[in-house]
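Asks: Mind having a look at this structure? Questions to follow.
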Amino acid sequence: MIYWKATVDEVNIFLKSNDLLKAKQKVHAGLENFPNQLNLLTIARDVYHACGDHNKSLEYAELLITHHPKKCNGYQRAAQDLIALKRFDEAQQKINSGLEKIPNQVNLLMIANDLCRQSGDYQKALSYAELLI
């Protein structure tokens, strides 16, 4: 089995059992060997998001964007962390960047809609909802 895949599977087991310390340890070990691997960066971000450490989670989302700019994973996860940190303008910029690269990506549109509702821009939320339809 591919080493990074086994690591992702183990981290998922730790996440499901809410053993976040072991999940962090395992993901760091995997990233030492495969620092730019898409799935490992994604699960690393998800581990820190589950821990409530949105700043560290955002760092991994930014690495996803840097190393995999044509994938929506980084943009949507960065936007989610920025929303959790109440940094709405930056979240909107991440969404816009993602939509420029991946137009009409459903997950980005849903996050954009959520962002606009949370920030009180209901007209813009409606326009994102219409794009989803």
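The values are calculated or read from the model by the stated rules, or taken from the named source; none is laboratory data. For clarity, every value in this text was computed on a predicted model and none was experimentally measured. Don't worry about glycine lacking a Cβ; one is built from the backbone with ideal geometry, like all the others, and counts go over all protein chains shown. Surface accessibility is based on the protein's heavy atoms, side chains included, excluding ligands, DNA and RNA. Shrake-Rupley method; radii C 1.70, N 1.55, O 1.52, S 1.80 Å.
Asks: Look at N18 and say whether it is in a helix (DSSP H, G or I) and either modelled with pLDDT under 95 or within 15 Å of the chain's Cα centre (by Cα) (or both). Talk me through it step by step, then tell me what you get.
Replies: Numbers: in a helix (DSSP H, G or I): no; either modelled with pLDDT under 95 or within 15 Å of the chain's Cα centre (by Cα) (or both): yes.
For N18, the condition - in a helix (DSSP H, G or I) and either modelled with pLDDT under 95 or within 15 Å of the chain's Cα centre (by Cα) (or both) - is not met.
Asks: Another question, then. Would you confirm, using the coordinates I've provided, whether N12 is surrounded by fewer than 23 Cβ atoms within 10 Å (Cβ to Cβ), part of a helix (DSSP H, G or I) and at pLDDT 95 or above? Explain how you work it out, then say what you get.
Replies: Values: surrounded by fewer than 23 Cβ atoms within 10 Å (Cβ to Cβ): yes; part of a helix (DSSP H, G or I): yes; at pLDDT 95 or above: no.
When the stated conditions are applied, N12 does not pass them.
Asks: Does region 49-57 contain any residue that is within 19 Å of V106 (Cβ to Cβ) and open to solvent by less than 40 Å² (accessible area, probe 1.4 Å)?
Replies: Of all residues in region 49-57, those within 19 Å of V106 (Cβ to Cβ) come to none.
No, the conditions are met nowhere in region 49-57.
Asks: OK, next. Just to be sure, is S57 within 19 Å of the chain's Cα centre (by Cα) and of a type outside the set (F, W, Y)?
Replies: Values: within 19 Å of the chain's Cα centre (by Cα): yes; of a type outside the set (F, W, Y): yes.
Spelling it out, S57 is indeed within 19 Å of the chain's Cα centre (by Cα) and of a type outside the set (F, W, Y).
Asks: List pairs: first in region 93-120 and farther than 16 Å from N73 by Cβ, second open to solvent by less than 20 Å² (accessible area, probe 1.4 Å) and small (G, A, S), Cβ under 7 Å, 6+ apart or cross-chain?
Replies: Within 7 Å, the pairs are N113/A125; L115/A79; L115/A91; C116/A125; R117/A125.
Asks: Follow-up. Mind listing whichever residues of region 72-103 are more than 24 Å from I43 (Cα to Cα) and either touching a helix residue (DSSP H, G or I) at 6+ places or on another chain (Cβ under 9 Å) or surrounded by 16 or more Cβ atoms within 10 Å (Cβ to Cβ) (or both)?
Replies: Selection gives D89 alone.
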